[in-house]
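Engineer: My questions will all concern the structure given below.
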Amino acid sequence: MQLIAAVDNNWAIGFQNSLLVRIPRDQQMFREMTEGKVIVVGRKTFETFPQKQPLKNRVNIILSRDQKYKVKGAEVVHSMDELLEALKNYDNRDVFVAGGAGVYEQLLPYCDTAHITKIDYTYQADAYCPRLDTMADWHCTAESEEQTYFDIEYYFQKYERKK
Ligand SMILES: NC(=O)c1ccc[n+]([C@@H]2O[C@H](COP(=O)([O-])OP(=O)(O)OC[C@H]3O[C@@H](n4cnc5c(N)ncnc54)[C@H](OP(=O)(O)O)[C@@H]3O)[C@@H](O)[C@H]2O)c1
């Protein structure tokens, strides 16, 4: 599986159930990377999507413990076991773990690659991605040139689990 996240200097990902910032090129990169593939999101992240609708042109799998939670056009699973069972239908490399915090944490052991948009700013935040830059078994294997969006500087980084 691959993890995909936009993080700030403290590896924060969100505040009050919203993204910290919307950067069009980052959103484009997310779309290009995940279209035709499978995204796995927590119920709270799903509810931040436009009109609370599944993202188009990809399989949306939502984690929720609520057995009654249903979303047209998305698959809802209720536990990690149920998720892993559902994912047997897909190529592991096509599965993108797209947050939020608890979902990143729980699925990190199954990921071998992470696509991190690293934003050089510190936001007020209440949700975080695991800090791959301090984990002995992960390393950054690629980094883009500096990108800018108005006064925000950011980088596209690739992290890989060490072999
Ligand atoms: N910067 C980024 O790249 C990025 C990406 C994604 C999200 N975000 C941000 O992250 C924040 C949301 O993250 P969050 O951590 O608060 O919530 P979340 O991970 O999106 O959703 C949490 C919910 O997922 C369900 N869930 C989690 N683990 C489960 C399990 N093992 N079995 C069944 N259901 C499970 C539960 O839903 P129920 O309550 O329905 O049971 C839980 O309340 C927002 O601020 C969002 O904007 C940022």
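Just so you know, all these numbers are worked out from the coordinates, no wet-lab data involved. Since this is a predicted model, take the numbers as computed values, not measurements. Heads up, the Cβs are rebuilt from the backbone with ideal geometry, glycines too, and the neighbour counts pull from every protein chain shown.
Engineer: Take the stretch 74-92 and flag every residue that is more than 10 Å from the ligand (Cβ to nearest atom) and out of contact with any strand residue (DSSP E or B) (no Cβ under 7 Å at 6 or more places or on another chain).
Structural biologist: The answer is 84, 85, 88, 89, 91, 92.
Engineer: For the list (1) within 12 Å of the ligand (Cβ to nearest atom); (2) assigned to a loop (DSSP other than H, G, I, E, B); (3) more than 30 Å from residue 134 (Cβ to Cβ); (4) out of contact with any helix residue (DSSP H, G or I) (no Cβ under 9 Å at 6 or more places or on another chain), I need the number of the one condition that residue 66 fails.
Structural biologist: The one condition residue 66 does not meet is (4).
Engineer: Can you work out which of the residues in the stretch 136-163 that are part of a loop (DSSP other than H, G, I, E, B) and touching an Asp or Glu at 6+ places or on another chain (Cβ under 8 Å) is farthest from residue 116 (Cα to Cα)?
Structural biologist: The selected residue is 162.
Conditions tested, residue by residue: (1) closer than 22 Å to residue 18 by Cβ; (2) in contact (Cβ under 8 Å) with a residue 40 or more places away in the chain.
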residue	(1), (2)
58	yes, no
80	no, no
93	no, yes
124	yes, yes
147	yes, yes
